[in-house]
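The values are calculated or read from the model by the stated rules, or taken from the named source; none is laboratory data. Every value quoted in this text rests on a predicted model; they were computed, and no experiment measured them. In this analysis, Cβ positions are derived from the backbone assuming ideal geometry, glycine residues included, and neighbour counts consider all displayed protein chains. The area values use the complete protein model at the heavy-atom level, side chains included, leaving out ligands, DNA and RNA. Shrake-Rupley method; radii C 1.70, N 1.55, O 1.52, S 1.80 Å.
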Amino acid sequence: MEELPICGSREAIVESVRTRRVTCIEGETGCGKSSMVPLFILQEALLRGDRSINIVVTQPRRIAAVSVAKRVAHLYAQFQGEEIPLGDTVGYSIARERKSTPGRTKLTFMTVGFLLQLLSHNPKTVDRLTHVVLDEVHERDVDADLLSMLLRLLLEQQADAGRSQTRLVIMSATMQSNLFSLYFSSLNPDGVASPSIFVGAKRFPVGEWYLDQIAAGDKIPLLAPKHRREALAQAKTFDSGDPVKPEVTAGMIHLVADCILSLADCQQCVLVFLPGTGEIRGLETALEEQLHSLGGCSKLGARLCVMALHSMVSREEQDAAFDEAPPDACKVILATNIAESSITLPDVHYVVDLGLHRHILVDRQRSNLACLVRAWCSKASMKQRKGRAGRLFEGTVIRFVTGDFFDKRMEDFDRAEIMRVPLEQIVLRVKLLFQHFGSLKELLSLTIESPTEEDIDTAILNLFRVGALTSPRDDAAVTMLGELGARLPLDLSFCKLILMGMCLGCECDAIVMAAALSSSQDLFRLPSPRFVSDAVGLAREVARNLSSRLRYDDGEFSEPIMYRNLYLAWLESPQSKTWCREQDVSFERMVLCDALVSELAFGVVRFIAAKGGGWPTCEGSQGSGRNAGVSGREDVEGEEDAEAADEAERQTEASHRGLQIL
């Protein structure tokens, strides 16, 4: 514990938390912020005999909240010199899972969404909290910005009423200069922004390799010549000065696989950041193919233990990523940005970063529909990823962009989600969560970065026209469609499709149709003149593509029905690239669609659970729920609602996608 860089700043941190209402802490990833700052506060209070201490720490993701809670509970038990189980003094609370003891737990880790729901439904809870620690504040998703707004509002009211004053601690490895300290400056008695406390660098250095260095042969000498040529071609694309599409080509996937096999050694760990589950599956396949040609081991003679780490895998599979690599093997973790912050994988030697992620964006070229798109990360995110190495020994990050592209063309910070997602969904969430805190426009004006009043008026009008609000006014009530739309990562037109499917008893079909139609790319591969040399060949490819589509639409000439039938065939197929090629379908897009179907299905089930466990019908009566999947938002249900959601989830987890009951 004394070896962590942050330990040298303990007195400064404790003094700031004791004397100031807002404390801002900045330090490189791996210096010990997430685990040690809450522990410093807890230890100092208990040494003073303050048994009323009640600390809440937020993390952006469930896996981070659970893993940091386990680590801090272990450190606290070491400090006390006795066996203290997780859930006693230190615990966690996330949706559908809690390890805490009322009256005994003094330090609780939560997801951002969990605390947001908790405080919005019961604002007086804030008076029972002595400290709120917001970790990884650079991740500017909608929940994080709404929680910051709500906390400032509640803490200002707390001070005005003369009630007990909750202390706020803000932490990040890449905090935007003065943004958060200025935002919360009104909470300090003098109204002055709190200065940031820098708490140290990493314990061990982490080297940086870029694509142009790999192409030149400077870093990975075992790389196959054809893959070195691929690296050279990609490097030229990045440095051409032209816009570079945020895409992952088959050539890039095989290049990454060869890099892993050239570096993987026994008892090491390689952590690979990929934008989504489709790319994870593609890299798994590429590793299998190349391993077969190498006789089953890496070029350095190690077996490979390949595992995925993303929101769709089970808790057991997630926990396996934290186990040590076997003596004769190299652990390869293929992860999305779920592994980007606050989790500690101590044995990481190499971080492989493609510099990409997926986020929701309004597609202005497709009728203003919201789509889940692939995009370039910011430098801040890539620095966070770099920080997964260098915990116990020196490490290396391999970035699959050129050094010049990283320095000159990547943004310093990710744009706040509230400024790039459809404002309609944010309006619905604010209305549902904060209806007792003030008017819609007043509340949105209090966010860190506020949308314009004109944009808010347009969003309200659009919501009324689609049927999500009862009127085009600021004080309009939210309809059932609006409630569903606030829960699902979809444009409202697709949410209406799902709601109508629920009313008509064909909810599974509607979910599949909505998932396929909301995709930014067609599931079928489209013939292109760029890849067909003559007009006759192009006509032949177009005819074959049309034949494939007609095979699945039952003569209805309907794209939604065609996608529904295609998905059913996919569930019954080997789900292989060969099958997709035979159907003229994109394998990668089918995998993404499959994941989205599961996410939407689980979101619908949780919506039903919150409504009392029954399905809406056209007559307004209640039917019976039939399927589940995965949700992207956190909820705080009552015990009965939580049990209903868990039961619905258990009933349908026989299939890992949750919809094979179709």
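When the Karplus curve 6.51 cos²θ - 1.76 cosθ + 1.60 is applied with θ = phi - 60°, which whole-Hz ³J(HN,Hα) does each residue of the range 135-146 get, with x for Gly and Pro?
9, 6, 5, 5, 7, 7, 7, 4, 4, 5, 5, 5
Over all directions, what mean area does the Cα convex hull of the chain project, stated in square nanometres?
Numbers: hull surface 123.8 nm².
The Cα convex hull of the chain, projected and averaged over all directions, gives 30.9 nm².
What number do you get for the range 434-484 when its Cα radius of gyration is normalised by 2.2 N^0.38 Å, N = residues?
1.13
Could you please state how large a percent of the accessible area of the chain is carbon and sulfur, counting protein chains only and using a 1.4 Å probe? All intermediate terms of the calculation are to be shown ahead of the outcome.
Values: 13960 of 27890 Å².
Result for the chain: 50 percent of the exposed heavy-atom area is carbon or sulfur.
Karplus couplings for the range 506-514 from phi (6.51 cos²θ - 1.76 cosθ + 1.60, θ = phi - 60°), rounded to Hz, Gly and Pro as x?
10, 4, 5, 4, 5, 5, 4, 4, 5
Using θ = phi - 60° and the Karplus relation 6.51 cos²θ - 1.76 cosθ + 1.60, list the HN-Hα couplings for the range 491-500 in order, rounded to whole Hz, with x at every Gly or Pro.
5, 4, 4, 6, 4, 5, 4, 5, 4, 5
Taking only protein heavy atoms into account and a 1.4 Å probe, give the accessible area per residue of the range 466-608 in Å².
Details: 6180 Å² over 143 residues.
That works out to 43 Å² for each residue.
Lysines within cross-link reach of K431: Cα-Cα under 22 Å, excluding same-chain residues under 8 positions apart?
K124, K441, K496, K611
Longer than 25 Å from Cα to Cα, which of K33/K99; K33/K219; K99/K331 are they? Say none if no pair is.
On the way: K33/K99 22 Å; K33/K219 32 Å; K99/K331 29 Å.
Among K33/K99; K33/K219; K99/K331, the Cα-Cα distance tops 25 Å for K33/K219; K99/K331.
Quick one: ranking M110, M307 by accessible area, 1.4 Å probe, largest first, what do you get? Numbers along the way, then the final one.
On the way: M110 15, M307 40 Å².
Putting M110, M307 in descending order of accessible area: M307, M110.
Determine how large the accessible area of V332 is when every protein chain is in place; take a 1.4 Å probe and give Å² rounded to the nearest 10.
0 Å²
Name the long-range amide H neighbours of D491: under 5 Å, sequence gap of 5 or more, or other chain; modelled H, no Pro or chain starts.
Answer set, sorted by chain and number: A370.
Among residues other than H349 whose Cβ falls under 12 Å from its Cβ, what is the net charge (Lys/Arg +1, Asp/Glu -1)? Spell out each step's value before the answer.
Values: positive: K331, R388, R391; negative: D265, D347, E394.
Local net charge: 0.
Taking amide H atoms as placed 1.01 Å from N in the peptide plane, list the residues 5 or more away in sequence, or in a different chain, whose amide H sits under 5 Å from that of V169.
When sequence neighbours closer than 5 places are left aside, the close amide H contacts are T23, V132, V133, L134.
For K577, which aspartates and glutamates qualify as cross-link partners when the Cα separation must be under 20 Å and same-chain residues fewer than eight apart are set aside?
Of all the aspartates and glutamates, those that pass the test against K577 - Cα under 20 Å, at least 8 places apart if same chain - are E247, E279, E284, E288, E289, D522, E541, E588, D594.
How charged is the neighbourhood of R163? Take every other residue with its Cβ under 14 Å from the Cβ of R163, and add Lys/Arg as +1 and Asp/Glu as -1.
+1
Which of the pairs K299/K383; K383/K408; K70/K106 have their Cα atoms more than 24 Å apart in this structure? Could you put the intermediate results ahead of the total?
Numbers: K299/K383 29 Å; K383/K408 15 Å; K70/K106 14 Å.
Exceeds cut-off: K299/K383.
Which GluC sites (Glu not before Pro) in the range 510-594 pass both tests, a DSSP loop state and at most 15 other beta-carbon atoms within 10 Å? Intermediate results must be reported in sequence, preceding the final value.
Values: sites: E541, E556, E572, E582, E588; in loops: E556.
Loop-located and lightly packed - E556.
Let a ≥ b ≥ c be the square roots of the eigenvalues of the Cα gyration tensor of the range 1-128; is it rounded (a/c under 1.5), or, if not, prolate (a/b larger than b/c) or oblate?
Judged from the Cα gyration tensor, the range 1-128 comes out rounded (a/c under 1.5).
Once you have a ≥ b ≥ c as the square roots of the Cα gyration tensor eigenvalues for the range 233-333, tell me rounded if a/c is under 1.5, and otherwise prolate or oblate according to whether a/b is larger than b/c.
In terms of gyration-tensor shape, oblate.
Once both labels are modelled 7 Å past Cα along the beta-carbon direction, what's the C506-E15 spacing in nm?
7.0 nm
Given H placed on each backbone N at 1.01 Å, which residues far from L345 in sequence or on other chains put an amide H within less than 5 Å of it?
none
Within 11 Å, Cβ to Cβ, of Q384, how many net charges do the neighbouring residues add up to if Lys/Arg are +1 and Asp/Glu are -1? Provide the component values of the computation, followed by the final result.
Working: positive: K379, K383, R385, K386, R388; negative: E28, E136, E139, E340, D353, D414.
Spelling it out: positives minus negatives among the neighbours equals -1.
In Å, what Kirkwood hydrodynamic radius results for the range 344-441 from the alpha-carbon pair distances? If you can, show how the numbers build up before the last one.
Numbers: mean 1/r = 0.0614 Å⁻¹.
After inverting the mean inverse Cα-Cα distance, the result is 16.3 Å.
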